[in-house]
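Here's the structure, in structure tokens; my notes come after.
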Amino acid sequence: MNISVSTESIHTQVTNVLRKAIVTGEFKLGEKLSETALAQKLGVSRTPVREALKQLQQEGLVEIIPRVGTCVMKPTEKEIYELFKLKESLEGLAAGLMAERGEIPELAELVKAMESMEEAVGRRDMDGYVEANDRFHDAILRGSGNSKLMYHFNLLINQLPYRKFVYTTLDQPQRLEKSVDEHRRIVEAIQSRNPSVAEQIMREHVKASGAKLMQIMKAELY
């Protein structure tokens, strides 16, 4: 985490730096974070670091324990399982609903995100792939046209460091190539306006990601 922080929008910048360090695995699950050490490393006072950690606690990335300190969240196996079961249902539903809506602006966004993912795979650009993956799934959620679904999905996903999980699973052999193929099939089903197939493929994709994550995380958690 050798990023220097300017004085402009200091709280936002510190939050972004620390968030990236957590989701990319630079900080390990359960690792204790020192306000003083972080402030020194970033060249800022402790106040923006403290405020950033409060923000990250709301996002479910850290846990602030009175008289103990701040630690990177270390989810249990049960929490991971529950998250992905719900994610599977909600994103499957979103993909099916989007397929019913035909030519909408979010469909063009989805295709563009898919193209970015393919380009990132060609460059072996993990950060670029994860960013495009975020845009892909966001386009499907918005494309569902269901604000309540989006609201509950965001509540769900913020409970665990999901972006970190994406990095973890994609780092496995052949998973990046399999992931891009799964996303391509989702796009094709939505473009074909086939809600049942779109929902099924999305559910299979989330289930595969969750299963791979459970396999990886068991060793790290226990």
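The values are calculated or read from the model by the stated rules, or taken from the named source; none is laboratory data. Quantities reported herein were computed from a predicted structural model and do not represent experimental measurements. FYI the Cβ positions are ideal-geometry reconstructions off the backbone, even for glycines, and counts take in every protein chain you see. Calculation scope for accessible area: heavy atoms of the full protein, side chains included, ligands and nucleic acids excluded. Shrake-Rupley method; radii C 1.70, N 1.55, O 1.52, S 1.80 Å.
Those residues that are of a type in the set (Asp, Glu) and loosely packed, with under 14 Cβ neighbours inside 10 Å, I need them from region 101-117; list them, please.
Matches in region 101-117: Glu103, Glu115.
Specify which of the listed residues (Glu82, Glu77, Glu109, Glu103) is of a type in the set (D, E, K, R), within 30 Å of Val197 (Cα to Cα) and touching an Asp or Glu at 6+ places or on another chain (Cβ under 9 Å).
None of the other options fit; the residue is Glu109.
Assess whether Leu18 counts as being closer than 23 Å to Arg163 by Cα, at pLDDT 95 or above, buried (at least 18 other Cβ atoms within 10 Å of the Cβ) and hydrophobic (A, V, I, L, M, F, W, C).
So Leu18 does not fit the description; no.
Going residue by residue through region 172-195, is there one that turns out to be at positive phi and open to solvent by 20 Å² or more (accessible area, probe 1.4 Å)?
yes
Could you please find all residues in region 53-68 being assigned to a helix (DSSP H, G or I) and either among the β-branched types (Val, Ile, Thr) or in contact with a Lys or Arg (Cβ under 8 Å, 6 or more places away or on another chain) (or both)? Don't jump to the end; show me each part of the working.
Start the filter on region 53-68 by keeping residues that are assigned to a helix (DSSP H, G or I), which leaves 53-58.
Correct list: Leu56 only.
Residue-by-condition table, conditions (1) open to solvent by less than 60 Å² (accessible area, probe 1.4 Å); (2) among the aromatic types (Phe, Trp, Tyr):
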{"site": "Lys78", "(1), (2)": "no, no"}
{"site": "Ala94", "(1), (2)": "yes, no"}
{"site": "Asp134", "(1), (2)": "yes, no"}
{"site": "Gly145", "(1), (2)": "yes, no"}
{"site": "Tyr167", "(1), (2)": "yes, yes"}
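Taking only pairs six or more apart or across chains, which ones have beta-carbon atoms under 7 Å, a first residue in region 21-38 that is at pLDDT below 90, and a second residue that is assigned to a loop (DSSP other than H, G, I, E, B)?
Ala21/Met1; Ala21/Phe27; Ile22/Leu61; Ile22/Pro161; Val23/Pro161; Glu26/Met1; Leu29/Lys74; Gly30/Lys74
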